[in-house]
Structures are given as structure tokens and as C-alpha cells.
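The values are calculated or read from the model by the stated rules, or taken from the named source; none is laboratory data. Note that this is a predicted model, so its numbers are computed, not measured. Reconstructed Cβ throughout: ideal geometry from the backbone, glycine too, with neighbour counts over all protein chains shown.
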Amino acid sequence: MPRFQPIPPLGHPPLWVRARALTLPGLTLLLAACTSVPLPPWTPPATRHPASPRVSPETSAQAAPAVVQVFPVASPAIIGALPTAPAGQFAPDSAAVAARFPAPSVIYNTPGLQAGRTTFTTQAEISAWLHDQTAAAARSAGIKAAVLSIGESQRGVPLEALILTSATSTDPTTLLAAGKPTVLLMGQQHGNEPAGSEALLVIARELAQGLLQPMLQNINVLIVPRANPDGAASNQRVTANGLDMNHDHLLLDTPEAQALARLTRDYQPTVVVDAHEYVVAGRFLQKFGALRKSDALLEYATAANLPEFLTKAAEEWYRRPLLAALKGQGLSTEWYYTTSMDLANKKVSMGNTWPDTSRNVNGLKNAVSLLIETRGVGIGRQHIQRRVHTHVTAITSVLNSTAQRASDLGQLRPYIEKELSAEACKGEAIVEAAPTPTQHELVMLDPVTGADKPITVDWNSTLVLQTLKARARPCGYWLSAGSTKAADRLRLLGVQVLRVVEPGSLLGDSYQETSRATDQDQEVRGAIASGNSIVKVQVSLARGVLDAPRGSYYVPLNQPLGNLAFAALEPDTQSSYFANHILDSLPSTVRVMTEPTIKLEELP
Ligand SMILES: [Zn+2]
């Protein structure tokens with residue numbers, strides 16, 4: 001065990017317990033003056049110069065209908081034929097409610113959407129479809145596509161991704177060197193949310209051989225149509241072992257989340273879209289006597305410590321065009337929202353601030369990270385064409401925005417990465433943040449008449465976060481030599497981890513446990529029954545000199561993913577590696593408070 005010799009505090013205030021409100025002021029040019037990397041000009045889409053050679057915003061907003069109208073159309077007999085759900089499994093919409101959701105003017109014909117089908121596209125059909133797209137792309141000059149094997153599900157089902165590009169090769173090195181933004185589209189992390197998966201097959205085909213193909217001149221696209229095939233096979237939300245993989249993107253306990261992390265680490269997408277569906281009735285009907293209405297619920301990353309410029313890009317370059325594109329198709333939208341299982345608690349929350357979901361973790365990886373949810377859980381195949389149309393319209397808008405902003409995004413990413421790297425050893429970072437309580441009018445539906453039912457709810461907004469706990473940002477973290485599992489998980493996230501080559505001393509703060517509770521957090525951990533409880537501790541810090549032995553680890557924060565390492569390694573949060581048993585003990589982590597002078601090496 002390394003020796004950690006406490007030294008008395010130097011009269012500094014306990015920064016780590018001083019709460020402060022996070023403000024989100026408008027971005028200023030002062031930021032730009034601090035760096036040699038020029039900021040992208042912040043031109044709102046509506047005022048962009050019409051002479052711009054890029055796709056105009058107007059074209060962007062209208063692109064979705066122009067594209068989708070030419071998709072192959074199946075028999076008109078499908079229109080209006082709403083397959084009935086298995087008895088007892090669903091509570092399908094009443095006729096009056098169903099009338100509010102007419103089928104779109106196009107019909108999508110993926111395998112799972114064929115007339116007469118009662119099951120969605122099978123895993124074998126998805127694989128065949130992806131391979132068909134690579135063959136089709138090969139017939140187009142200048143387009144390359146490949147099916148990537150990215151892992152296996154817990155039941156041994158191959159996990160596959162499709163990469164499409166106009167670069168000379170599909171490997172990450174070539175794509176990163178070419179410098180065009182890569183968009184990662186993923187669907188069906190939750191197995192009972194099929195519309196995103198079917199829509200991604202449509203998108204794959206239109207990129208490989210359809211009207212979206214010209215976008216590949218400006219962007220690369222990675223598609224993982226079905227991230228959780230085991231869950232899909234049994235129409236369940238969670239993976240085979242009962243974990244909610246959408247909360248596993250920091251811990252990486254599941255092979256499914258690991259596969260996505262590896263893909264993200266290698267291709268470093270600039271934009272990530274996570275396609276889901278949401279519960280229509282359930283506890284919302286029980287709490288509010290109403291059904292949820294919106295065709296699409298949208299949100300971007302809302303974790304603490306996100307660069308303001310990234311949030312601004314998500315809002316102005318992506319969400320606003322998304323709203324216009326969906327409105328143009330007669331599709332309604334709302335912020336993503338959820339509510340607790342406690343029927344007495346009628347508070348409604350925008351998605352959480354925890355750094356565990358794809359949405360938030362990919363934001364902390366400095367991607368524009370978007371969540372798109374359609375109205376689909378609990379209603380079987382009802383309105384499935386409209387649900388797929390919503391996803392296709394939304395994703396087309398995201399691809400359009402990326403193609404249009406490729407140059408701006410190419411400046412934004414290095415700017416953000418430089419700024420974040422420069423934050424090491426400086427200021428404070430937020431350990432725990434909470435949404436801001438406010439009120440919001442939700443338009444829901446009367447379950448009998450189908451009429452709009454506006455309801456004003458207590459609403460937790462994640463657009464402005466309250467800091468509950470902040471702490472001085474260290475220069476890096478020392479991890480004991482036994483912390484190999486944590487080091488491996490961090491590296492899979494793309495975080496740089498170094499190893500101590502020669503023993504030496506580090507000045508740092510160790511964590512002293514002041515209280516402890518264990519808690520089974522259902523929302524975070526899903527329906528797991530394996531006793532994987534979370535260790536919730538409160539800590540104080542003690543300054544000291546650490547003798548770091550050879551073979552122990554150092555995680556520097558002067559790297560672009562420093563805030564992701566901070567999220568994993570500060571122990572006193574429900575998402576942390578300590579709370580979730582990836583790090584076994586508090587003394588295995590020390591906050592290093594001055595730049596280390598000991599000899600370090602890159603891991604192989
Ligand atoms: Zn979901």
C-alpha cells in the first residue's frame with residue numbers, strides 16, 4: 001500500500017463543499033481571445049448569408065419531406081390498417097385517440113414493416129440489410145461502406161455497425177485524417193422501442209443508394225440500428241442480465257455498452273443520435289389522467305461541466321432545425337420528459353443530469369449528443385409508420401445540419417478540446433448538479449375523447465443546473481496499481497491513462513469517508529436483481545504527499561476528456577466508479593493537485 005502522509009491544510013477554504021449556481025451566460029468573444037484556435041462565427045441559422053455555398057437552412061428544413069416522399073412505397077392497402085396488439089400486453093389507443101395520429105403520406109417498407117408482419121425486423125434481417133447496403137454503395141463511384149463487427153451481446157448475438165463515407169477507406173485513421181465530421185446513429189438500446197431501429201434501416205438505405213447519398217460528400221455516418229438485440233428478441237427494455245444499458249455508458253458493465261464505447265473511441269463522432277421510444281400511458285395516465293401526445297421528445301446533453309459552446313451548438317445548429325423539420329411534416333414536439341414511479345409524486349423532469357446515459361456521456365466526450373424519442377412504448381405496432389416517419393424526419397434533419405455545419409463543427413471541436421485541456425489544475429468542477437424547479441405546460445391527450453388536454457406541471461428543467469457540490473479541479477488522478485479495471489474502463493471511454501514508471505512523490509488530496517449508505521437505485525441500475533447496490537459515501541479531503549509506486553496509474557486532466565474522468569473518479573456520486581464497485585476502496589484514488597514530475601509512460 002502506498003504511503004499517504006497527511007499535511008495540514010494551508011488555510012484554503014473548503015472549495016469542494018461550497019455550492020454555487022451555475023450560470024449560462026451568452027457566449028462572449030472574450031473566450032475566443034484566450035486561445036489561438038479561432039472560434040466558429042456564431043451565426044444563427046436564420047441569419048446565415050444566403051450566398052453560403054452550404055445547404056441553406058430553408059433547404060434544410062424542407063429536405064426531410066423531399067427525401068422521404070421518394071422512398072419505395074408498398075401497397076396502399078397498408079394505410080390505415082393498424083395491427084392489433086396481443087391481448088393483455090398493451091393498452092392501445094382508443095379510436096378517438098388513434099384518429100389524432102394519421103399515417104404519413106409515405107410508407108416505409110423495411111422487413112419488419114411489411115404488410116402482414118407481426119414482428120419487427122429480425123437480427124438476421126438487419127445484418128442482411130446492412131450487407132445489402134454495402135453492396136449497393138460499392139456500385140456508386142466515390143462511396144465506401146462496410147459492416148463493422150463491434151462486439152457480441154450477452155447471448156452471443158453479433159453487434160454490427162454500418163459505416164458510410166466518401167473517404168478512400170472506412171477505417172478510423174483515414175476518416176479522422178480526412179477531417180469531415182462523423183455522425184453516429186444508434187437505435188434500440190431499449191429492446192421494446194423498435195421504431196428507431198426500423199428508421200435507421202431506412203436511413204442506411206437512403207445514404208447507401210438513395211437521396212441522402214450526396215451528404216456523404218460532407219459527412220461520414222456510422223449506424224448501429226439495434227444496440228440491444230437480446231432485449232429486442234424478448235421485447236424488453238433491458239439487456240439479457242436485466243441492466244438498463246442506457247445508464248451504462250460511464251461504467252461499461254455490459255458488452256453492449258462496451259461495443260458502443262469502443263466504436264465511439266475509435267471513430268470519435270462529432271454528433272451522436274440516440275433513438276428511443278417513450279411510454280404513452282402507464283404512470284402518466286395514472287398520475288395525470290391523460291396520454292402523452294408528442295410525436296417526438298427531444299433533448300441534448302445536460303450533464304454538469306459541459307462546454308457552453310457545445311450546448312449552444314446543440315440548441316442552435318440542431319434542435320431548432322429539428323423543430324422546423326418535424327413541424328413541416330405536421331409532427332408535434334416537446335422536450336424529453338419523464339416522471340418517477342411514485343404515483344404520489346407528480347413532478348415531471350427533463351432527462352437527468354447524471355453522467356451515465358448515452359446522451360450525457362457522449363456530451364462529455366465533446367459530441368453534439370441528441371436524444372430523439374417517439375410515441376411508441378406500450379402500443380405495439382400502432383402508428384408505426386408515423387413513428388418511423390418521425391425518426392426518419394428527425395435524423396435527416398440532424399444529418400442535414402451536420403453537412404451544412406461541417407466547417408463550423410470542424411472548428412468547434414478543437415476549440416472545445418483545447419479549452420477543456422487548459423482547465424486542468426484550475427477552478428472548480430461540478431460534482432453534483434440538480435435541475436431547476438419551474439412550471440411547464442404539457443399538452444397531453446384525453447384518453448377517451450382524444451382532445452388536447454393541457455396540464456401545468458411542476459417541471460425540473462435541466463436547461464439551467466443548480467450546483468449542489470463543486471470541488472477544485474485537480475491536475476489529475478492517481479490510481480493504485482490494483483485499479484486495473486478502472487483504468488481499462490477509462491481507456492475504453494477514450495480517456496488517456498498513464499502508468500508510473502519510476503516511484504515518486506505526488507502532492508494530492510485523499511478522500512476521507514465521513515458517512516456511508518447503500519442504496520439500490522432503480523432508476524439508474526434498471527431492474528437488476530443481483531445485489532449490485534450503489535455505495536453512497538460523503539467525503540472530506542485531506543492534503544498530503546503520496547509515494548506513487550511503479551505500476552500505479554495517473555489520469556491527467558489536461559486532456560479533452562478530463563471532465564469524463566472527473567465524472568468517473570470523484571467517488572461521492574451515484575454514477576462513480578467507486579459507488580459502482582469498479583474501484584474497491586477510497587484510498588485507491590488520490591486527487592493530484594500539482595503537475596506531477598515523476599516519470600510516466602503511455603500504456604500499450
Ligand atoms: Zn428508451
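Computed quantities for the displayed model
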{"quantity": "Number of the exception - ALA96 against (1) touching a residue at least 40 places away in the same chain (Cβ under 8 Å); (2) outside any helix (DSSP H, G or I); (3) loosely packed, with under 15 Cβ neighbours inside 10 Å", "calculated": "(2)"}
{"quantity": "Residue in segment 191-198 that is away from the ligand (no atom under 16 Å from the Cβ) and either over 23 Å from PRO111 (Cβ atoms) or out of contact with any Asp or Glu (no Cβ under 6 Å at 6 or more places or on another chain) (or both) present", "calculated": "no"}
{"quantity": "Residue list for segment 156-191, restricted to those being within 18 Å of GLN236 (Cα to Cα) and crowded, with 20+ Cβ neighbours inside 10 Å", "calculated": "VAL157, LEU159, MET186, GLY187, GLN188, GLN189, HIS190, GLY191"}
{"quantity": "Boolean, PRO437 is over 29 Å from ALA96 (Cα atoms), crowded, with 21+ Cβ neighbours inside 10 Å and away from the ligand (no atom under 16 Å from the Cβ)", "calculated": "no"}
{"quantity": "Residue match in segment 290-297 (condition: crowded, with 21+ Cβ neighbours inside 10 Å, more than 15 Å from the ligand (Cβ to nearest atom) and at pLDDT below 95)", "calculated": "no"}
{"quantity": "The one condition in (1) assigned to a helix (DSSP H, G or I); (2) under 25 Å from the mean Cα position of the chain (by Cα) that ALA135 fails to fulfil", "calculated": "(2)"}
{"quantity": "Whichever residue in segment 207-249 is part of a strand (DSSP E or B) and in contact (Cβ under 8 Å) with a residue 60 or more places away in the chain and, among such residues, is nearest to the ligand (Cβ to nearest atom)", "calculated": "VAL224"}
{"quantity": "Residue that is surrounded by the most Cβ atoms within 10 Å (Cβ to Cβ), among those in segment 250-275 that are within 15 Å of the ligand (Cβ to nearest atom) and among the small types (Gly, Ala, Ser)", "calculated": "ALA275"}
{"quantity": "Matching residues in segment 369-394 - criterion: being farther than 19 Å from ALA324 by Cβ and either within 12 Å of the ligand (Cβ to nearest atom) or outside any helix (DSSP H, G or I) (or both)", "calculated": "SER369, ARG375, GLY376, VAL377, GLY378, ILE379, GLY380, ARG381, GLN382, HIS383"}
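Here is a yes/no grid of residues against (1) crowded, with 23+ Cβ neighbours inside 10 Å; (2) assigned to a strand (DSSP E or B); (3) small (Gly, Ala, Ser):
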| site | (1), (2), (3) |
| --- | --- |
| ILE416 | no, no, no |
| TRP459 | no, yes, no |
| THR467 | no, yes, no |
| GLY482 | no, no, yes |
